[in-house]
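Structure record follows, encoded as structure tokens.
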């Protein structure tokens, strides 16, 4: 008797390689997340006047949206040490002792170009990039992250410093990545805040393209897929705040975490 289709599928499933199954499950989740992101973007485009978005460069947009996860306080784990005014300013760079370059403020369009100029001007002196940013331009964040990895630099988020939205993409570029005690790292969906009322087709195309680029970049940087899944599940007017354990689990951090006393 010829086996039924169901029997053949069951046999194929049970005989499949575990790695293949894991990859299949991940891409299934990724496809579902993109579909939900498309719905979110379409709703945002229809209600743009009521929901201005959370571009940190936009006056009135909160630097730190509330948390999404149930059971987690609807606030960041600690208050950032920097003021809202400081974080909203276009990203600026300051050379610190010990070969550290501080990158502070919103990742405005053009930040990656200024960052590249700083790295070129400082030569071999810069060893690590210290981040304090609410995010901003995804294109610039990806370019900064790529340059950091090409130059073999480390990245760090200090105690009570902020690295949210697209900033963790920059952080992921570090060869050694350290988040000190009480550092605030958060992720959410990315979207083109500068595009006025995108059509559903434009929103879907843009979401798919950006999702693929970020997923590929994080994979190349050695970051676990769980980080991007949490980002895709979190609307852009919320943040998913990462715990120190999750940072290690997702391989976002790979350097010893300093205690609050050591950070002082």
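The values are calculated or read from the model by the stated rules, or taken from the named source; none is laboratory data. Please read all numbers here as calculations on a predicted model, not as lab measurements. Neighbour counts run over all protein chains shown; Cβ positions are idealised from the backbone, glycine included.
Structure values in brief
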| item | result |
| --- | --- |
| Those helices (runs of 4 or more DSSP H) lying entirely in segment 64-183 with at least 2 residues within 19 Å of residue 247 (Cβ to Cβ) | 138-150, 167-171 |
| Search result, residues across segment 157-175 that are under 17 Å from residue 222 (Cα atoms) and surrounded by fewer than 24 Cβ atoms within 10 Å (Cβ to Cβ) | 175 |
| Residue within segment 151-165 that is within 21 Å of residue 64 (Cβ to Cβ) and at pLDDT below 85 present | no |
| Subset of segment 90-110 (residues that are out of contact with any strand residue (DSSP E or B) (no Cβ under 7 Å at 6 or more places or on another chain) and either over 24 Å from residue 152 (Cα atoms) or touching a residue at least 24 places away in the same chain (Cβ under 8 Å) (or both)) | 98, 109, 110 |
